[in-house]
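The structure appears below as structure tokens.
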Amino acid sequence: MFYRKTVKVLCGLAGGSAVLVFADSRGYLGEPSGEARRVWRSKFPVLQAAQPAWTPGTHTPTPTGHAWDFNWDKRDPSVLSNGKRKESSTEDPSSEQDNSKPKATRNILLIRHSQYNLSGTSDKDRILTPLGREQAEFTGQRLAALGLKYDVLIHSSMARATETAQILSKYLPGVDLVSCDMLREGAPIQPVPPVTHWKPDAVQYHEDGARIEAAFRRYIHRADPKQKEDSYEIIVCHANVIRYFVCRALQFPPEGWLRMGLNNGSITWITIRPSGRVALRTLGDTGFMPVDKVTRT
């Protein structure tokens with residue numbers, strides 16, 4: 001007997017022949033040891049060739065890519081922009097450094113605008129459809145139901161994002177609305193792999209990419225040291241902008257942004273810790289909408 005507990009397993013092979021091999025009590029198909037291994041290999045060469053060429057110690061994936069950069073937003077209090085450590089001029093350098101450390105967590109809720117009129121010839125014509133307005137109502141209700149203390153509601157200056165934000169604001173009394181041109185839709189960076197149905201020219205990538213990257217640097221970063229409490233900020237913008245923000249914040253290759261899809265009116269929630277750690281709590285959540293109201297246009 002090869003193992004303490006064995007069961008006979010009938011394995012059909014090519015040509016209609018069959019052989020008996022052994023499996024241990026855990027169901028692992030393996031070969032015996034010692035003299036028994038030699039006999040096993042000589043009798044069942046075909047089955048031996050079919051065994052996976054791995055061992056328990058080699059099947060763990062190897063980490064790839066670069067290590068996490070804690071100074072990704074250039075706001076690490078212990079590092080200057082040139083990479084040198086700060087030198088305190090006070091008698092208690094540890095106290096000064098502690099005062100410069102962020103203590104609050106920023107929560108950024110990125111909302112994609114609702115469904116809009118795709119046949120509009122200009123931005124002012126691309127307003128929300130009746131369904132789009134319904135979607136915004138559901139999103140506003142969801143944001144209110146979360147019971148969070150929102151600090152601000154920032155939105156792209158494009159018509160569909162502005163209208164979405166205005167509907168959301170009905171459910172968030174007292175939260176200021178702020179319009180921002182930097183959050184307008186665009187082509188952030190050439191996607192990899194490329195797609196055939198959408199090919200902006202190099203100039204558009206060059207201009208839009210710089211603007212969207214600037215918006216990322218303005219809005220996606222750790223809290224200022226003066227911020228005492230955790231914050232919750234809502235940004236209503238566009239699918240390309242949100243997907244690019246997610247890749248950049250998580251330090252994923254930004255050219256992979258087009259591999260993600262976002263529903264209209266969806267919520268993407270990013271959390272940024274004082275240490276510079278970033279977490280993606282939700283990506284394109286529309287679970288709060290009825291199924292027949294969900295779209296991605």
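Summary of computed values
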quantity: Spatial separation of Cα centroids for the stretch 253-268 and the stretch 135-174, in angstrom; calculated: 19 Å
quantity: Derived scalar couplings ³J(HN,Hα) [the stretch 277-292; Karplus, 6.51 cos²θ - 1.76 cosθ + 1.60; whole Hz; x for Gly, Pro]; calculated: 5, 10, 10, 9, 7, 9, 10, x, 6, 10, x, 7, 9, x, 4, 6
quantity: Thr196-Gln166 pseudo-label distance in nm [points 7 Å out on the Cα-to-Cβ vector]; calculated: 4.1 nm
quantity: Summed side-chain charge close to Thr271 - residues other than Thr271 whose Cβ falls under 13 Å, Lys, Arg +1, Asp, Glu -1; calculated: +3
quantity: Order of Asp208, Asp151 under a 10 Å beta carbon neighbour criterion, fewest first; calculated: Asp151, Asp208
quantity: Amide H contacts under 5 Å for His155, placed H, 5+ residues apart; calculated: Val178, Ser179, Cys180, Val236
quantity: Cβ-Cβ FRET estimate between Lys124 and Glu35, R0 fixed at 51 Å, reported to 0.05; calculated: 0.05
quantity: Shape of the stretch 129-170, Cα gyration tensor, a/c cut at 1.5; calculated: oblate
quantity: Asp176-Ala279 FRET efficiency (beta carbon distance; Förster radius 30 Å; 0.05 resolution); calculated: 0.70
quantity: The stretch 105-293 - charge dipole about Cα centre, Lys and Arg +1 at Cβ, Asp and Glu -1, debye rounded to 20; calculated: 480 debye
quantity: Packing-based exposure ordering (other Cβ within 10 Å, fewest first) of Ile270, Ile220; calculated: Ile220, Ile270
quantity: Segment Arg211-Ser78, length gained on full extension (0.36 nm per residue, minus Cα span); calculated: 45.0 nm
quantity: Amide N proximity, the stretch 268-294 versus Leu148 label position 7 Å along Cα-to-Cβ, cut-off under 16 Å; calculated: 268-274, 278-288
quantity: Phi-based couplings in Hz for the stretch 201-208 (Karplus 6.51, -1.76, 1.60; Gly and Pro marked x); calculated: 7, 4, 5, 5, 4, 5, 7, 5
quantity: 5 angstrom amide H check on Tyr116, placed H, neighbours 5+ away; calculated: Thr129
quantity: Entries in Lys199/Lys293; Lys74/Lys103; Lys103/Lys170; Lys74/Lys226; Lys124/Lys293 that, when Cα-Cα distance is taken, lie over 27 Å; calculated: Lys199/Lys293; Lys103/Lys170
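Throughout, read-outs are computed from the coordinates displayed, never taken from laboratory work. Worth saying up front: this structure is predicted, and the values here are computed from it rather than measured. Please note: Cβ atoms are built from the backbone with ideal geometry, for glycine as well, and neighbour counts cover all protein chains shown.
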